[in-house]
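The values are calculated or read from the model by the stated rules, or taken from the named source; none is laboratory data. Keep in mind that this is a model prediction, so the values were computed, not measured. Here the Cβ positions follow ideal geometry from the backbone for every residue, glycine too, while neighbour counts run over all protein chains shown.
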Amino acid sequence: MSIDLEIARAATLRPIAEIAAKAGIPDAALEPYGKYKAKIGLDFVASARADRPRGKLVLVTGINPTPAGEGKTTTTVGLGDALNHIGKRAMICLREPSLGPCFGVKGGAAGGGHAQVVPMEDINLHFTGDFHAITAANNLLAAMIDNHIYWGNALGIDARRITWRRALDMNDRALRSVVGSLGGTANGFPREDGFDIVVASEVMAAFCLAHDLADLQRRLGRIIVASTRDGKPVTAADLKADGAMAVLLRDALAPNLVQTLAGSPALVHGGPFANIAHGCNSVMATTLGLHLSDVVVTEAGFGADLGAEKFLDIKCRLAGLSPDACVIVATIRALKMHGGVAKADLGREDVDAVKRGVANLARHVENIKKFGLPPVVALNRFTADTEAEIRAVQEAMAALGTEAILCTHWSDGAAGTVELAHAVMRRLDAKEAAFQPLYPDAIPLAEKIGTIAREIYRARDVAIPDSVLAKLKRFEAMGFGAAPICIAKTQYSFSADPTAMGAPVDHVLPVRDVRLLAGAGFVVAITGDVMTMPGLPRVPAAETIRLDEQGRIEGLF
Ligand SMILES: Nc1ncnc2c1ncn2[C@@H]1O[C@H](COP(=O)(O)OP(=O)(O)O)[C@@H](O)[C@H]1O
Ligand SMILES: O=COP(=O)(O)O
Ligand SMILES: [Mg+2]
């Protein structure tokens, strides 16, 4: 059994009503899903947010990770627990895990060791059904498109220009490109189609950026699914799909409340990936947390070149949020990878490789400062890390005037992140943050892509084919010129080349396509070979996930 699962299963959980009461959520506002999970009623969310927000907002991001991940979720939990341990009222806001990585490479997303949200099995699997609801809403819209064409196509949809794709919460490369409606006239008009993993769906993005149920339905209605032969956009509202989609999502939109192993309240809600989507939990949960607590600690996915940039330039911009501090999670193993060490050798001491790999961390530190957020580095300690390697990181960061705090929350729980909690509180109390997004709304979409590429990825240039530039111009002509950009890119490198470790320079960012997410309110720029439907690895985690004789789950991590 995985250590994470062993620890989670051995824990004594508090009834969720007790966690809620501690967070200032009355019983009447709770919709329990068993003893240890609950949704928080939308009426309570609205009333709680009617008061002035109390809390400060702390973003947890990281360096470019190894495929296993470097511990942002784990550190978000550890920091939240430590803030509560030192007497603050902290809440943790996380994304819900996707079944794709759970049964694929990375495993779950409930943290790890003694810094987890629980019940981890529920959270990592079906949780409260939100992803199934989002999948259903996405696929209802897809079905209504083909059904509209089948019954005469009154809207004049050009079947060659349908951009809406089906979704599934699984890694399945066989579904990336399919042909639907085969089998004769009763099945409709055959056309090319495909599936995205649900965390890349625009329904997920709209769900996570919606301020309330009415806003969600408006966003769903604005989703552009196709165009007519003369280029006129066709929306979900044109198909009269937005109402039924909102019905499917009504219960899901209520934020989920669970707890950490230490009993801290955690809102786990929504779940876009940060390489192919915007990588942040829901605005509903984050804004609720800010009204209920003194500090909200929230994670954005993958490295700061992806999740943090999107949290700051998309979520904060669209939701009117202003972060007050930022933690960058680094690990010795990832720094060695960036220093050129092969995955198989990451467990061996190599101080020189750490010193070389620190260039990746240094660039993320420099980038976060561009947003007016002086970061603190959390060095998430793994057992194989040596004193010499740790010292090398701390000395390099000290030379940059940045604190690098050793954290041992995976093995020690809150006690392992108390020093980090005090460092974050020093920044919050000093009111150091002077957040501003990387680019203004008013510049052209292509210039926004260029700004991110140059300022964050340190690209020399961006390669955008004329056909893609024409699409961007069309989006601007349609009134979406002020929208932020969400760059779909590999998580392993600052560049579009997943093998370019460290801090690559002089690279060109190839943008192969762009998608207008009119419902979510941003434009996606797809770079390199990034896929919106991942595939399973040669040996998927699924092969070691099973039930024991008592029907208990094994192999989940
Ligand atoms: N210090 C640590 N020691 C051992 N395993 C860890 C440590 N920190 C995280 N992990 C494990 O690494 C994996 C990724 O952690 P996670 O917090 O999900 O990373 P991220 O959110 O950055 O992807 C999880 O299985 C977690 O249990
Ligand atoms: O979207 C990716 O999130 P993690 O970095 O937490 O795996
Ligand atoms: Mg995570």
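Just one residue in the set 80, 104 is within 16 Å of ligand 1 (Cβ to nearest atom), in a helix (DSSP H, G or I) and not β-branched (Val, Ile, Thr); that residue is 80. For the range 145-161, a tally of residues being touching a residue at least 12 places away in the same chain (Cβ under 8 Å), farther than 15 Å from residue 222 by Cα and touching a strand residue (DSSP E or B) at 6+ places or on another chain (Cβ under 9 Å) returns 10. Taken over the range 6-20, the criterion of being over 15 Å from residue 552 (Cβ atoms) and out of contact with any Leu (no Cβ under 9 Å at 6 or more places or on another chain) is satisfied by 12, 14, 15, 18.
Out of the residues in the range 83-101 meeting the condition of being part of a helix (DSSP H, G or I) and under 25 Å from residue 196 (Cα atoms), tell me which one is farthest from ligand 3 (Cβ to nearest atom). Please lay out each step first, then the result.
To start, the set of residues in the range 83-101 that are part of a helix (DSSP H, G or I) comprises 83-85, 99-101.
Imposing the further condition that a residue be under 25 Å from residue 196 (Cα atoms) reduces the set to 99-101.
On the way: 99: 15, 100: 14, 101: 10 Å.
If we take residues in the range 83-101 being part of a helix (DSSP H, G or I) and under 25 Å from residue 196 (Cα atoms), then 99 is farthest from ligand 3 (Cβ to nearest atom).
What about residue 205, is it modelled with pLDDT of 95 or more, aliphatic (A, V, I, L, M), crowded, with 23+ Cβ neighbours inside 10 Å and not in a helix (DSSP H, G or I)? In short, no. When each of 179, 198 is tested for being β-branched (Val, Ile, Thr) and either surrounded by fewer than 16 Cβ atoms within 10 Å (Cβ to Cβ) or in contact with a Cys (Cβ under 7 Å, 6 or more places away or on another chain) (or both), the lone residue that passes is 179.
I need the full set of residues from the range 434-458 which are of a type in the set (Gly, Ala, Ser) and touching a strand residue (DSSP E or B) at 6+ places or on another chain (Cβ under 6 Å), in order please. I'd like the intermediate steps shown before the answer.
In the first step, residues of the range 434-458 are kept if they are of a type in the set (Gly, Ala, Ser); the result is 434, 442, 446, 450, 453.
Of everything in the range 434-458, those that are of a type in the set (Gly, Ala, Ser) and touching a strand residue (DSSP E or B) at 6+ places or on another chain (Cβ under 6 Å) turn out to be 450, 453.
Screening the range 375-410 for residues that are under 22 Å from the mean Cα position of the chain (by Cα) and under 17 Å from residue 308 (Cβ atoms) and picking the one that is nearest to ligand 3 (Cβ to nearest atom) gives 380.
If a residue has to be under 26 Å from residue 421 (Cβ atoms), touching a Phe, Trp or Tyr at 6+ places or on another chain (Cβ under 9 Å) and of a type in the set (Gly, Ala, Ser) to count, how many in the range 340-391 make the cut? Counting residues in the range 340-391 that are under 26 Å from residue 421 (Cβ atoms), touching a Phe, Trp or Tyr at 6+ places or on another chain (Cβ under 9 Å) and of a type in the set (Gly, Ala, Ser) gives 1.
In the range 1-30, the residues that are over 13 Å from residue 262 (Cβ atoms) form Cβ pairs under 7 Å with partners that are within 16 Å of ligand 3 (Cβ to nearest atom) and polar (S, T, N, Q), at six or more places apart or across chains, as follows: 4/116. Listed here are the strands (runs of 3 or more DSSP E) enclosed by the range 452-557 that have at least 3 residues being in contact with a Ser or Thr (Cβ under 7 Å, 6 or more places away or on another chain): 507-517.
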